[in-house]
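The values are calculated or read from the model by the stated rules, or taken from the named source; none is laboratory data. Given the structure is predicted, the values throughout are model-derived calculations rather than measurements. Methodologically, a virtual Cβ is constructed for each residue, glycine included, from the backbone with ideal geometry; neighbour enumeration extends over all protein chains shown. Calculation scope for accessible area: heavy atoms of the full protein, side chains included, ligands and nucleic acids excluded. Shrake-Rupley method; radii C 1.70, N 1.55, O 1.52, S 1.80 Å.
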Amino acid sequence: MNRLQFQQVLDLAPPGSVQFRALDSGVNEDATTPGQRERLYTADTSPKPIIQQPQIDATVLELDTAGRIVSSGTVLMSPKYRHGIVVPVDRNFHSSDVRWTQWDDLGWYTNHGEGTIDVVPGREHAPIDFMLPYPASVLKLMVNFGVLQLVDKGEIKLDGTYNYRPTTASSLCGPATSDTVRGYIDASLTWSSNAASCALIKLLWEHGAISRLNQEFQDLGLETLQLQGTNPANGGNWSNAITMSSLDTAKLLALINGAPGPLWTAPDGQPVTSAVLSASSRSLFKDELGQQGFNWMLSTTNYCDAAYPGPGIPQVTAKRWIAAGGPGPAGSTAPVGSTGTADSTAPAGSTAPIDGSVTVDGAYFGRDVLPCNRAAQVTFMHKTGWVSNSGSDAGIVTSLPGKAYRHYIIAVFSNLGDQYQDPKRPLTPTGVVPVEYTQKFAELGRAIDQYEAALPGPH
């Protein structure tokens with residue numbers, strides 16, 4: 001991480017700028033589309049280097065062939081820890097040595113990356129102090145975990161219709177919709193629909209499950225996972241009160257992945273097992289994560305073989321997003337509950353997608369991904385997230401048959417959303433969705449994957 005020099009990125013909305021004031025809300029930042037933010041950024045013709053070391057929280061959990069955790073590593077990077085600091089963990093892959101605080105949009109600049117609102121009480125004097133980046137759409141892992149627990153308990157049916165009827169308007173969540181619970185889950189996880197995720201959060205509120213879910217995370221020892229502050233009237237109001245650390249997120253993914261026996265011991269001394277979700281719910285969860293459409297942070301296969309961004313984790317791209325020819329991006333229709341990424345796609349009259357190109361929710365990537373699928377080494381069941389000052393990606397990596405062995409979980413959270421770009425970044429081709437992250441994340445993903453592939457045999 002230190003070698004990648006994340007501090008070299010440019011800030012397209014530095015403090016005091018018109019762009020910064022337009023973005024500084026801290027609530028429902030996900031509602032602003034990439035296209036809207038891009039138009040805002042282009043008004044600044046002379047972006048400045050970021051004023052301090054970015055905030056990055058990264059974890060890798062190595063798994064054995066059965067999915068049990070065999071080792072872990074967590075590194076935090078911030079203005080206080082410019083070259084990174086390793087988080088010590090105990091035998092339960094838990095640390096009490098970090099004071100975790102909520103993200104603060106303006107405070108990150110003014111307080112040099114140190115927060116003021118504690119996430120875990122009683123840690124004021126911990127040796128490490130770290131402000132957790134806002135998780136953006138990776139928060140949907142928590143949402144869908146809670147919904148699938150309701151399915152397992154028989155409180156809702158996976159194929160039952162849920163009529164989402166918000167009682168207050170929200171630009172994040174959109175209008176009333178109807179879909180099956182399964183349909184909302186698919187939209188939430190695979191193409192990151194904010195509207196579908198709002199519906200699922202409202203569903204959790206209607207079943208009194210939000211407080212139960214937050215308590216469940218505490219009971220499991222995943223104390224930084226908190227789905228706090230959402231609005232029961234519409235499922236919106238996503239704010240910095242929603243927190244996730246990379247370590248706890250990776251452990252949640254280990255539960256979703258599944259393994260025999262206990263994975264760790266809870267604070268009350270009870271074993272924590274994959275039985276927190278049924279086998280069928282875990283299978284569905286993994287299948288949906290495996291169909292992720294936005295492969296453009298730790299993995300960049302949506303931009304296969306492009307000069308920019310560089311390659312990341314060499315994953316297979318899900319077939320459902322790959323074109324076999326047909327109408328161009330101007331003719332594509334975003335699904336109900338669109339996140340709005342279609343705002344960044346091709347104008348009317350642009351050329352049709354080449355065979356093998358990816359289009360997700362109207363976002364056209366413009367590269368033939370089939371060569372990268374033929375060269376793929378792994379599957380990557382993951383969830384990405386992005387807003388102006390948040391870039392996140394978390395998932396499960398498994399080697400394909402005949403390829404060098406990998407089985408690990410990687411989770412990375414940062415404040416480097418699309419507000420920050422690499423110097424000398426090439427212009428985005430007309431009609432192609434802009435890259436939302438610095439390519440340094442792809443370089444990090446590739447470096448970690450190459451390290452894991454070089455290890456001797458299955459663990």
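Need pairs with beta-carbon distance below 6 Å; first residue without any contact (Cβ under 8 Å) to a residue 60 or more places away in the chain and open to solvent by 50 Å² or more (accessible area, probe 1.4 Å) and within segment 165-176, second in a loop (DSSP other than H, G, I, E, B) and among the basic types (Lys, Arg); sequence gap 6+ or separate chains.
Ala176/Arg165
Looking at (1) of a type outside the set (Gly, Ala, Ser); (2) in contact with a Pro (Cβ under 9 Å, 6 or more places away or on another chain); (3) not in a loop (DSSP other than H, G, I, E, B), find the lone condition where Pro262 falls short.
(3)
List the residue pairs whose Cβ atoms are under 6 Å apart, where the first residue sits in segment 206-232 and is closer than 19 Å to Asn194 by Cβ, the second is modelled with pLDDT of 95 or more and open to solvent by 70 Å² or more (accessible area, probe 1.4 Å), and the two are 6 or more positions apart or on different chains.
Short answer, once both residue conditions are applied: Pro232/Trp205.
Mind checking whether some residue in segment 321-333 is at pLDDT 95 or above and either among the small types (Gly, Ala, Ser) or within 28 Å of Ser197 (Cα to Cα) (or both)?
Yes, that holds for at least one residue.
Among the numbered criteria (1) more than 16 Å from the chain's Cα centre (by Cα); (2) touching a residue at least 24 places away in the same chain (Cβ under 8 Å); (3) more than 21 Å from Glu288 (Cβ to Cβ), which single criterion is violated by Phe365?
(3)
If a residue has to be within 18 Å of Ile185 (Cα to Cα), not in a loop (DSSP other than H, G, I, E, B) and not hydroxyl-bearing (Ser, Thr, Tyr) to count, how many in segment 197-232 make the cut?
The total comes to 11.
Could you check, for segment 440-451, whether at least one of its residues is within 19 Å of Ile56 (Cβ to Cβ), part of a strand (DSSP E or B) and modelled with pLDDT of 95 or more?
No, segment 440-451 has no match at all.
Exactly one of (1) surrounded by fewer than 19 Cβ atoms within 10 Å (Cβ to Cβ); (2) free of Cβ contacts under 8 Å to residues at least 60 places away in the same chain; (3) over 21 Å from Tyr303 (Cα atoms) is unmet by Ala453. Its number?
Looking at each condition in turn, Ala453 falls short on (2).
Okay, residues lined up against (1) modelled with pLDDT of 95 or more; (2) in contact with a strand residue (DSSP E or B) (Cβ under 7 Å, 6 or more places away or on another chain); (3) open to solvent by less than 40 Å² (accessible area, probe 1.4 Å); (4) under 30 Å from Ser357 (Cβ atoms):
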| position | (1), (2), (3), (4) |
| --- | --- |
| Asn257 | yes, yes, yes, no |
| Asp268 | yes, no, no, no |
| Pro271 | yes, yes, no, no |
| Ser274 | yes, no, yes, no |
| Ser281 | yes, no, yes, no |
| Gly290 | yes, yes, yes, yes |
| Ser299 | yes, yes, yes, yes |
| Tyr303 | yes, no, yes, yes |
| Ile313 | yes, yes, yes, yes |
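Kindly list, by first and then second residue, each pair from a residue in segment 254-273 that is farther than 10 Å from Gly221 by Cβ to a residue that is open to solvent by 50 Å² or more (accessible area, probe 1.4 Å) and among the hydroxyl-bearing types (Ser, Thr, Tyr), limited to pairs with Cβ atoms under 7 Å and residues at least 6 apart or on different chains.
Partner pairs satisfying both residue conditions: Pro271/Thr265.
Keeping to segment 88-125, report how many residues are of a type outside the set (S, T, N, Q) and farther than 17 Å from Pro54 by Cβ. I'd like the intermediate steps shown before the answer.
To start, the set of residues in segment 88-125 that are of a type outside the set (S, T, N, Q) comprises 88-91, 93-94, 97-100, 103-109, 112-115, 117-125.
Checking the rest, the ones that are also farther than 17 Å from Pro54 by Cβ come to 88-91, 93-94, 97-100, 117-125.
Result for segment 88-125: 19.
Scan Val70, Val138, Val120 and give me the residue that is open to solvent by less than 40 Å² (accessible area, probe 1.4 Å), in contact (Cβ under 8 Å) with a residue 12 or more places away in the chain and not in a loop (DSSP other than H, G, I, E, B).
Of the residues listed, the single one that is open to solvent by less than 40 Å² (accessible area, probe 1.4 Å), in contact (Cβ under 8 Å) with a residue 12 or more places away in the chain and not in a loop (DSSP other than H, G, I, E, B) is Val138.
Could you tell me whether Ala447 is under 13 Å from Pro314 (Cβ atoms), aliphatic (A, V, I, L, M), out of contact with any strand residue (DSSP E or B) (no Cβ under 6 Å at 6 or more places or on another chain) and open to solvent by less than 10 Å² (accessible area, probe 1.4 Å)?
no
Could you tell me which of the residues Val151, Val143 is assigned to a helix (DSSP H, G or I), open to solvent by 10 Å² or more (accessible area, probe 1.4 Å), closer than 17 Å to Gly208 by Cα and touching a helix residue (DSSP H, G or I) at 6+ places or on another chain (Cβ under 9 Å)?
Val151
Which of the residues that make up segment 369-408 are in contact (Cβ under 8 Å) with a residue 60 or more places away in the chain and part of a loop (DSSP other than H, G, I, E, B)?
Scanning segment 369-408 gives Val369, Ala375, Ala376, Gln377, Ser388, Asn389, Leu400.
If you check Ile242 against the conditions, is it in contact with a helix residue (DSSP H, G or I) (Cβ under 7 Å, 6 or more places away or on another chain), over 30 Å from Arg68 (Cβ atoms) and touching a residue at least 24 places away in the same chain (Cβ under 8 Å)?
Considered against the rule, which asks whether it is in contact with a helix residue (DSSP H, G or I) (Cβ under 7 Å, 6 or more places away or on another chain), over 30 Å from Arg68 (Cβ atoms) and touching a residue at least 24 places away in the same chain (Cβ under 8 Å), Ile242 comes out as no.
Run Glu216 past the list (1) open to solvent by 30 Å² or more (accessible area, probe 1.4 Å); (2) under 30 Å from Trp296 (Cα atoms); (3) at pLDDT 95 or above and report the number of the one that doesn't hold.
Of (1) open to solvent by 30 Å² or more (accessible area, probe 1.4 Å); (2) under 30 Å from Trp296 (Cα atoms); (3) at pLDDT 95 or above, only one is false for Glu216: (2).
List the pairs whose first member sits in segment 78-93 and is surrounded by 12 or more Cβ atoms within 10 Å (Cβ to Cβ), whose second member is among the polar types (S, T, N, Q) and outside any loop (DSSP other than H, G, I, E, B), and whose Cβ atoms are under 8 Å apart, counting only residues at least 6 apart or on separate chains?
Taking only residues 6 or more apart or on different chains, the pairs are Arg82/Gln7; Val87/Thr74; Val89/Ser72; Val89/Thr74; Asn92/Thr265; Phe93/Ser72.
Determine whether segment 44-56 contains at least one residue that is over 23 Å from the mean Cα position of the chain (by Cα), modelled with pLDDT of 95 or more and of a type in the set (Asp, Glu).
No: segment 44-56 contains no residue that is over 23 Å from the mean Cα position of the chain (by Cα), modelled with pLDDT of 95 or more and of a type in the set (Asp, Glu).
Please count how many residues of segment 1-33 are at pLDDT below 75, surrounded by 17 or more Cβ atoms within 10 Å (Cβ to Cβ) and assigned to a helix (DSSP H, G or I).
Residues in segment 1-33 being at pLDDT below 75, surrounded by 17 or more Cβ atoms within 10 Å (Cβ to Cβ) and assigned to a helix (DSSP H, G or I): 5 in total.
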